[in-house]
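**Q** Quick one: the structure is below, and I'll ask about it shortly.
The values are calculated or read from the model by the stated rules, or taken from the named source; none is laboratory data. If you're wondering where the values come from, they're calculated on a predicted model, not measured in any experiment. FYI the Cβ positions are ideal-geometry reconstructions off the backbone, even for glycines, and counts take in every protein chain you see. Surface accessibility is based on the protein's heavy atoms, side chains included, excluding ligands, DNA and RNA. Shrake-Rupley method; radii C 1.70, N 1.55, O 1.52, S 1.80 Å.
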Amino acid sequence: MENNHSHSISNKTYIGIWIGLLILTFLSVEASFVQFRAFAVGVALFIATAKAFIVAYYFMHLKFDSKIISIMVLVTGVVFLTFIILTFFDYAFREPIV
Amino acid sequence: MNMNQTISDHAVHRDDEASKIGMWLFLFTELLLFGGLFLVYTIYRNLNPDAFANASQELSVAFGTINTVVLITSSLTVALSISTIKDNKPKMAKNLLWLTLILAAVFMVNKYFEWSAKIHHGLFPGMEHFMQLPPGEALFFFLYFFMTGLHALHIVAGSIFIGVVIAQLNKGKIKYDDYILQENAGLYWHLVDVIWIYLFPLFYLIH
Amino acid sequence: MFSNASSFVEGVDFAFFVIIGISLIFLIGITAAMIYFVIKYNKKKHPKAVPTKDNFQLEIIWTVIPTLLVLGMFYYGWVGYRPMRIIPDNAIPVKVTAKMWSWSFEYENGKWDSLLIVPVDKPVKLELFSPDVLHSLYIPAFRIKEDVVPGIANIMWFEANKTGTYNILCAEYCGQRHSYMLSKVKVLPQDEYEKWYNSKDTLAEKMMPGEIIMKKQACIACHSTDGSKLVGPSFKGLYGSKRTVLVDGVKKEIVADDEYIKNSILNPNSEVVDGFPQGIMTNYSGQISEDEIKQFIQYIKTLKND
Amino acid sequence: MSTEQTAIPAENFFNQGGKGIMSWLTTTDHKRIGLLYMYSIAIFFSVAVIIGLMMRLELIAPGKTIMEANTYNKMFTLHGVIMIFLFIIPGIPAVFGNFFLPLFLGADDVAFPRLNLMSWYLYIIGALIALSTLVFGEGSADTGWTFYAPYSVKTGTNVSTSVFAAFVLGFSSILTGLNFLTTIHRMRAPGMGWFDMPLYLWSTYATSWIQILATPIIGITLLMIVAERVLGVGLFDPSLGGDPILYQHLFWIYSHPAVYIMILPAMGVISEIIPVFSRRRIFGYKAIAFSSLAIAFVGYLVWGHHMFTSGMSGPARIIFSILTFLVAIPSAIKVFNWLATLNKGSIDLQPPLLYSMGFIFLFLIGGLTGLVNGALATNTHIHDTAFIVGHFHYVMFGGTGFGFFAAMHYWFPKMYGRMYNIKRAKIAFWVTFIGFNTLYFPMFILGLQGMPRRYYDYLPEFQDWQVVSTVGSWILVTGLIMMFTNIIRGARKGKPAGDNPWNGYTMEWQTTSPPPLENFHEKPVYKEISYDK
């Protein structure tokens, strides 16, 4: 049987992480009121990705689980990014419709 | 070797790591299910940037922010409940899960008010006002209802999952040394949270 | 066996021969080797197998060589294709409308035909337009094909280099009469083309305005004028007749008057004649004017039962 | 290991674990679930073959022969949906994967046996929903199995139900993939490392990853189509600012990798059969294993080659064309390694090997004509013509279908403990093989002449080859009937085959035939395979 409880995050750490996530949320909301123009999407997605990473790494225990799961997450991410990038090869280069 | 022995072998057979891998693989399919929608969103936003920016002004940032906070907090309570069951405090773990369910309910009530306001304005696909929207904005609202609707369904599914865990805790089937079901329910709940973490800025914040 | 009549044929066919040539060498080689091994190393003649020894070099060789070969194939495929995307500025523009289930071609001077008529040795640019579903304009003799996508202005071009008449087919499945969505391209010598292009519309003189509208709007792809039943009801004897229609799933008896015909054009799914499919007909609002509808109804009135 | 056995061992999974229909319908035994899949797949396959036969008969002459255009359009849709979602995708993984995956690993079952049974039920439910369109509603869909928008949104036929069926079947496929991946990760026999696994497992592993990561995309896409039809307005509708081509992207993001879900398991089967009948270890084990993973990954990158004439941007066409050519390489590597395994072996030409060689030949034709499709210039000409239909059937039927038949003939004695008639199996092979080529080869010529696909009617100049093709369909069906009657007769009355009739090396041959409920009488430990038998 696997020994799953060798690693425990203390409740304090969890609450710290939670506060961190809240701060990032408010940061993201604040940023939306500043006119970043072209960067708005980038900034919002960057903050979201940071939050998602924190949730996955601590709350979802990627930090403690076997490496293979992290590798799988990575593969999934890469495949999904490939879908988006390759689809954009179409839309980014469409000749403007006359 | 006789049959009885085999059957008991089957029963004893327990592999938490396998359950966890199985759960993660399932989460990947969920991620890509939403991934398809994110792809559609990305392409259409790219084709109609102004219309999307205009349409997103219609959504209330306050509603979205409150729901984000609610969901992140519910993720915290789930995570805490798992570490309490490890410390052999089933009662505490159960209460934390109940708290999660309450937060889920708050999220849904919030969502209900938000949706009904939009529907009241005739923004649901097929309604009169919707049909008169400029092309890109109609797409935005179609996607808004489709994606947040699907997400809400996942909240319901996750709540049921957590409900099952609570029942198992009551029966004493989830214990300090056997809590993989609770851990998997937690994984699912966090995934629902992660998806919302992306939905929130994409619909509410990027004008 | 394979007709060829455009400037693209050479490049496309060359790419084809390169690919098929290399492929055939592999197909024959591998099959022959397989049969040879089975005969030569048959267990009767060769009872003891030689133990396998992996050969890393060999693996590299048969990774690298196919890679080079397929990249070569890609190159010739691209070379044959590139001219299809470079449209000459002096190309004659023709607006193509693909509708379930017919083609129509409109020229710069407003001339219109259901055949594509082009001069030989002159580039022609086709601007593709579809009001309903996907179609695909395919001229095998020219080796060209491009989908006609609603909402997207796809363009294709060609330069025919042989006079004659060639098939135009719809290659993207578009419903019931997909396989009848055919037309022809007529390649004429320059002088004949000009004569045709500058001639008065002979069709227009013989036809009532409503009949031209009917042909242009491709009504005849689904509605006959001789009483036979195609996808939709025939126009023959339509005007003034009694019909049973479905309104929101409820049967209703009505008379086919001006108002009904107009509504059927602009709002085709509100009153569908019982026994005919729902949701097939294109919505023509925005594509046809009030006046045209009036002319069209005038024409329908002439199609009486014998 | 004794090969002379005169009776079927009494301790086998047919006898153990209960008798009667209920014991089968509630079983969690992977072997029984594998057989449940096999029986249901056989039924759906026969239905789709009959539909195909009728379509071919319709095309024997121009004009109407036996059915209306409407019926024809529904038939090719149903033929595609059944063959793809009910036969080829689940085919090898669900039947032989289920039956043999745990045996290969030396395990007693898959990781989640109950989930496995649920996958089968989802499969049956999906199948019934798909077939229900024949009886209920406005008739089955007439869109082609691709469900291209906007036609699929406009047509009055029962698209929503068909699409929902595909959605349910997708779920079944995902759960099977999930189950297999977990099993391979967690249940290898003690001592069996990743590179000790039979190559079939590598191909299953790669396949399962595609099932997990690509299937959800089609799921959500099909849901969007349903939403469009229900709400009456749509995401792919130009009047809302939508783009019909985006549907094609989403559809092929799944459906191209799905082609590798279909072919990879067959390649795995061939990699198992060839060494056994050449009596030597497979040549280039790692090359074949990695080429499976490479196919799975590169397979995600090439979907655009279905859209070269759709109005996709120029650069995208070029990039997808290059990537498409790259996916040919791992397949080539496999073929060369199989060939090198045959070389200097001691070859015994039994039916499984015969089918495998049939596979290699037909797959080569399918794969090599795929290169014609991948090149931009030639694709423009042959896209959406009969050439594509020919190519697709060479890869999917000549490849996966023959792979399935090879697997069936190879593992049959292990599954039933009996042997079919070897001579008849060989004759059936040749009839099927000849019929196959007569049926599908003319399609290449028709396509090059400019005969579009999905045509109910055609111009008279195409008739000659259409007739040849239709005659081929009769020969092919004769061969299939011979093959299946031989198999069925073998299952019921065949001679006991013994535990290891082919002298196989992998773990499934180390147990009795048919295997006992718990698969192995003693918990097996993996030992390095010796090829000196």
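**Q** Name the one entry in D:I319, D:I347 that is facing chain A (nearest Cβ under 9 Å), of a type in the set (V, I, T), more than 24 Å from the chain's Cα centre (by Cα) and on the phi < 0 side of the Ramachandran plot.
**A** D:I319
**Q** Of the conditions (1) touching a Lys or Arg at 6+ places or on another chain (Cβ under 8 Å); (2) surrounded by fewer than 23 Cβ atoms within 10 Å (Cβ to Cβ); (3) within 14 Å of chain C (Cβ to nearest Cβ), D:H383 fails just one. Which one is it?
**A** Only one criterion in (1) touching a Lys or Arg at 6+ places or on another chain (Cβ under 8 Å); (2) surrounded by fewer than 23 Cβ atoms within 10 Å (Cβ to Cβ); (3) within 14 Å of chain C (Cβ to nearest Cβ) is unmet by D:H383, namely (2).
**Q** Follow-up. From (1) more than 10 Å from chain D (Cβ to nearest Cβ); (2) over 19 Å from B:F130 (Cβ atoms); (3) not hydrophobic (A, V, I, L, M, F, W, C), pick out the condition that doesn't hold for B:G36.
**A** So the condition that B:G36 fails would be (1).
**Q** Pick out the one residue from D:I220, D:I274 that is out of contact with any strand residue (DSSP E or B) (no Cβ under 8 Å at 6 or more places or on another chain) and touching a residue at least 40 places away in the same chain (Cβ under 8 Å).
**A** D:I274
**Q** Within the set of pairs 6+ apart or on separate chains, which have a first residue in segment C:71-96 that is of a type in the set (S, T, N, Q), a second that is crowded, with 17+ Cβ neighbours inside 10 Å, and C-beta atoms under 8 Å apart?
**A** C:N90/C:P123
**Q** Please specify each residue of segment D:441-457 satisfying the condition of being of a type outside the set (F, W, Y), in contact (Cβ under 8 Å) with a residue 60 or more places away in the chain and at the interface with chain C (Cβ under 7 Å from one of its Cβ atoms).
**A** D:L448, D:G450, D:P452, D:R454, D:D457 - these are the residues of segment D:441-457 that are of a type outside the set (F, W, Y), in contact (Cβ under 8 Å) with a residue 60 or more places away in the chain and at the interface with chain C (Cβ under 7 Å from one of its Cβ atoms).
For (1) at the interface with chain B (Cβ under 8 Å from one of its Cβ atoms); (2) assigned to a helix (DSSP H, G or I); (3) in contact with a strand residue (DSSP E or B) (Cβ under 8 Å, 6 or more places away or on another chain); (4) modelled with pLDDT of 90 or more, each residue gets a yes or a no:
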| residue | (1), (2), (3), (4) |
| --- | --- |
| A:G20 | no, yes, no, yes |
| A:L27 | no, yes, no, no |
| A:A40 | yes, yes, no, no |
| A:A52 | yes, yes, no, yes |
| A:Y58 | yes, yes, no, no |
| A:D65 | yes, no, no, no |
| A:S70 | no, yes, no, yes |
| A:P96 | no, no, no, no |
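**Q** Sticking with this one: How many residues are open to solvent by 10 Å² or more (accessible area, probe 1.4 Å) and within 11 Å of chain B (Cβ to nearest Cβ) if we restrict to segment D:179-201?
**A** Of the residues in that region, 3 qualify.
**Q** Here's another thing I want to ask about it. Looking only at segment C:157-188, filter to residues that are surrounded by 21 or more Cβ atoms within 10 Å (Cβ to Cβ) and more than 13 Å from every other protein chain (Cβ to nearest Cβ); which one of those is farthest from D:I388 (Cα to Cα)?
**A** For segment C:157-188, the residue satisfying everything is C:V187.
**Q** Still on this model: How about segment B:118-132: which of its residues are within 18 Å of B:S56 (Cβ to Cβ), surrounded by fewer than 22 Cβ atoms within 10 Å (Cβ to Cβ) and either facing another protein chain (nearest Cβ under 9 Å) or in contact with a helix residue (DSSP H, G or I) (Cβ under 7 Å, 6 or more places away or on another chain) (or both)?
**A** The answer is B:H121, B:G122, B:F124.
**Q** What tally of residues in segment D:143-163 results from selecting those that are among the β-branched types (V, I, T), over 18 Å from D:S310 (Cβ atoms) and touching a Phe, Trp or Tyr at 6+ places or on another chain (Cβ under 9 Å)?
**A** 3
**Q** Just checking, which of A:K67, A:K51 is buried (at least 17 other Cβ atoms within 10 Å of the Cβ), within 30 Å of B:D16 (Cβ to Cβ) and without any contact (Cβ under 8 Å) to a residue 40 or more places away in the chain?
**A** Result: A:K51 is the single residue among A:K67, A:K51 that is buried (at least 17 other Cβ atoms within 10 Å of the Cβ), within 30 Å of B:D16 (Cβ to Cβ) and without any contact (Cβ under 8 Å) to a residue 40 or more places away in the chain.
**Q** For segment C:15-25, how many residues are at the interface with another protein chain (Cβ under 8 Å from one of its Cβ atoms) and of a type in the set (F, W, Y)?
**A** Number of matching residues: 1.
**Q** How many residues, within segment C:1-27, are in contact with a strand residue (DSSP E or B) (Cβ under 6 Å, 6 or more places away or on another chain) and open to solvent by 50 Å² or more (accessible area, probe 1.4 Å)?
**A** Residues that pass the stated criteria total 1.
**Q** Can D:S239 be described as hydroxyl-bearing (S, T, Y), surrounded by fewer than 24 Cβ atoms within 10 Å (Cβ to Cβ) and assigned to a helix (DSSP H, G or I)?
**A** yes
**Q** For B:S19, are the conditions met, namely being open to solvent by 10 Å² or more (accessible area, probe 1.4 Å) and in a helix (DSSP H, G or I)?
**A** So B:S19 fits the description; yes.
**Q** Related question: Could you list, in sequence order, all residues of segment D:95-150 that are in a helix (DSSP H, G or I), surrounded by fewer than 23 Cβ atoms within 10 Å (Cβ to Cβ) and within 14 Å of chain B (Cβ to nearest Cβ)?
**A** D:P113, D:R114, D:L115, D:L117, D:M118, D:L122, listed by residue number.
**Q** Would you call C:L115 in contact (Cβ under 8 Å) with a residue 60 or more places away in the chain and more than 9 Å from chain D (Cβ to nearest Cβ)?
**A** When the stated conditions are applied, C:L115 passes them.
**Q** Next up: Considering D:F402, D:F363, which residue is surrounded by 24 or more Cβ atoms within 10 Å (Cβ to Cβ), farther than 21 Å from D:A42 by Cα and under 16 Å from the mean Cα position of the chain (by Cα)?
**A** Exactly one residue qualifies, and that residue is D:F363.
**Q** I need the full set of residues from segment D:355-380 which are facing another protein chain (nearest Cβ under 7 Å) and of a type in the set (F, W, Y), in order please.
**A** D:F361
**Q** Let me ask something else about it. Restricting attention to segment B:100-107, does a residue exist that is at the interface with chain A (Cβ under 10 Å from one of its Cβ atoms), buried (at least 21 other Cβ atoms within 10 Å of the Cβ) and among the polar types (S, T, N, Q)?
**A** No; the residues of segment B:100-107 include none that is at the interface with chain A (Cβ under 10 Å from one of its Cβ atoms), buried (at least 21 other Cβ atoms within 10 Å of the Cβ) and among the polar types (S, T, N, Q).
**Q** Please specify each residue of segment D:480-511 satisfying the condition of being surrounded by 21 or more Cβ atoms within 10 Å (Cβ to Cβ) and more than 30 Å from D:T432 (Cα to Cα).
**A** D:M507, D:T511
**Q** Find the helices (runs of 4 or more DSSP H) located wholly in segment B:111-207 whose residues include 1 or more that are at pLDDT 90 or above, and list them.
**A** So the answer is B:135-171, B:180-200.
**Q** Which one of these is closer than 27 Å to B:I180 by Cα, in a helix (DSSP H, G or I) and facing another protein chain (nearest Cβ under 10 Å): A:T87, A:T82, A:T76?
**A** A:T76
**Q** A further question on this structure: Could you please let me know if C:I28 is of a type in the set (A, V, I, L, M), touching a Pro at 6+ places or on another chain (Cβ under 9 Å) and more than 9 Å from chain D (Cβ to nearest Cβ)?
**A** Answer is no for this residue.
**Q** Oh, and also: Kindly check whether there is at least one residue in segment D:74-83 that is away from chain C (no Cβ under 14 Å) and basic (K, R).
**A** no
**Q** Quick check on segment C:13-23. Is at least one of its residues touching an Asp or Glu at 6+ places or on another chain (Cβ under 7 Å) and in contact (Cβ under 8 Å) with a residue 24 or more places away in the chain?
**A** no
**Q** Give the residue, chosen from D:I218, D:I212, D:I225, that is touching a Ser or Thr at 6+ places or on another chain (Cβ under 7 Å) and more than 24 Å from D:L178 (Cβ to Cβ).
**A** Exactly one of D:I218, D:I212, D:I225 is touching a Ser or Thr at 6+ places or on another chain (Cβ under 7 Å) and more than 24 Å from D:L178 (Cβ to Cβ), namely D:I225.
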